[in-house]
1. Under a cut-off of 15 Å between alpha-carbon atoms, report the aspartates and glutamates in cross-link reach of Lys102, not counting same-chain residues fewer than 8 places apart.
2. First check a/c for the range 90-131, with a ≥ b ≥ c the square roots of the eigenvalues of its C-alpha gyration tensor; if it is under 1.5, answer rounded, and if not, answer prolate when a/b is larger than b/c or oblate otherwise.
3. Starting from the Cα gyration tensor of the range 107-191, take the square roots of the eigenvalues, sort them a ≥ b ≥ c, and report rounded, prolate or oblate (rounded when a/c is under 1.5, otherwise prolate if a/b is larger than b/c, else oblate).
4. For the range 112-152 and the range 58-90, compute the distance between their C-alpha centroids and round to whole Å.
5. Net charge around Tyr85, counting only other residues with Cβ within less than 10 Å of its Cβ (Lys, Arg = +1; Asp, Glu = -1)?
6. Shape of the chain from its Cα gyration tensor (a ≥ b ≥ c, root eigenvalues): rounded if a/c is under 1.5, otherwise prolate when a/b > b/c, or oblate?
7. Based on other C-beta atoms within 10 Å, arrange Trp131, Trp244, Trp90, Trp140 from fewest to most.
Amino acid sequence: MISGGIVAFLALPCLVHSFGQRRDQYVDATPPKLEPRVFAPGIVSISREEGSYEERPVFSPDFRECYFDVNNYKAKTFTSFSMRYEHGRWTRPEPAFFAKCKGFQASIAPKGDRLFFVAPKPGDEKSRGIWMSEHRRGVWTNPVLLDSPINSLPSVGFPCITSSNTLYFLSMIGPGKGAYRSRQENNTYRSIEKLDLLPPGSESIVGDFYVSPDERYIVFYSNLPNGPGKGGLYVVFPKPDGSWTKPRSLGEAVNTRDYNFAPSISPDGKYLFFSRDVAGREGDIFWISTEIFGGLR
């Protein structure tokens with residue numbers, strides 16, 4: 001991981017483009033192009049204990065809140081951190097408000113009024129469900145377990161809310177494991193639909209995934225055969241008949257010989273974030289322009 005503490009630009013005043021967009025709206029003021037860069041070195045991507053990985057940064061639609069996870073797979077601890085843009089600068093990362101209920105893997109609704117995350121279900125530490133908090137009068141309400149068939153599955157994770165308010169998620173265990181979605185009906189999620197993202201008969205897995213805000217593609221981790229390494233990121237696109245294209249590897253720019261996983265996408269759809277394993281010990285977040293998808297359709 002990147003060594004060092006919080007870098008100096010956290011204390012710098014707001015940097016603004018001529019058309020009004022903040023240069024530091026993604027926390028990191030140096031966006032990448034078609035080659036991945038370490039995300040926010042010294043702020044998010046820092047030196048941590050062995051087994052720790054920074055993962056899955058997500059932003060509020062106005063780019064004034066940022067959440068990311070720090071997961072230690074060796075110690076089996078999972079913690080979400082938050083940052084806020086206040087007084088012309090980003091605050092230092094601190095445990096997110098939902099960390100108190102062991103929550104992580106956040107996703108923020110397109111209007112910024114709801115936040116979904118994963119945490120243990122009441123009375124069962126080993127079974128995770130999707131929880132929700134609402135943004136009212138400038139603060140987040142106490143989280144509640146989402147009242148939906150989503151949480152009837154044994155254990156779920158990786159919620160992703162899109163511009164249409166469709167909620168995508170992953171069933172983690174059991175015969176029905178895989179990717180699902182639930183379309184919003186009268187402000188509720190009454191039904192679930194399984195998504196077949198792999199070729200028929202495939203024995204590979206669909207792991208951590210994220211959906212573009214406009215639902216034009218899904219990026220997911222898999223151990224598909226003939227991949228570049230231990231496991232990497234793939235993309236599928238929806239077809240007119242409701243099925244999905246054959247998974248395409250994101251290529252050598254993203255997929256290395258080690259694990260590349262935990263994707264997320266900025267709310268404006270411009271950047272893909274992902275975590276990269278470093279010799280099985282630790283990992284940083286990288287980011288790259290979503291223009292890489294143009295040649296994969």
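1. Asp69, Glu94, Asp124, Glu125
2. Values: a/c = 3.23, a/b = 1.45, b/c = 2.23.
Oblate.
3. Details: a/c = 2.10, a/b = 1.36, b/c = 1.54.
Oblate is the answer for the range 107-191, as a/c is 1.5 or above yet b/c matches or exceeds a/b.
4. Centre-to-centre distance over Cα atoms comes out at 17 Å.
5. On the way: positive: Arg22, Arg64, Arg84, Arg89; negative: Asp24, Asp62, Glu65, Glu86.
With Lys, Arg at +1 and Asp, Glu at -1, the neighbours total 0.
6. Details: a/c = 1.36, a/b = 1.14, b/c = 1.19.
In terms of gyration-tensor shape, rounded.
7. Numbers: Trp131 22, Trp244 19, Trp90 25, Trp140 16.
If I rank by nearby Cβ atoms, fewest first, I get Trp140, Trp244, Trp131, Trp90.
Where a number appears in this text, it was derived from the coordinates with a stated rule and is not lab data. In this text the structure is predicted, and so the values were computed from the model without any measurement. Neighbour counts are summed over all protein chains in view; Cβ atoms, including those assigned to glycine, are modelled from backbone coordinates with ideal geometry.
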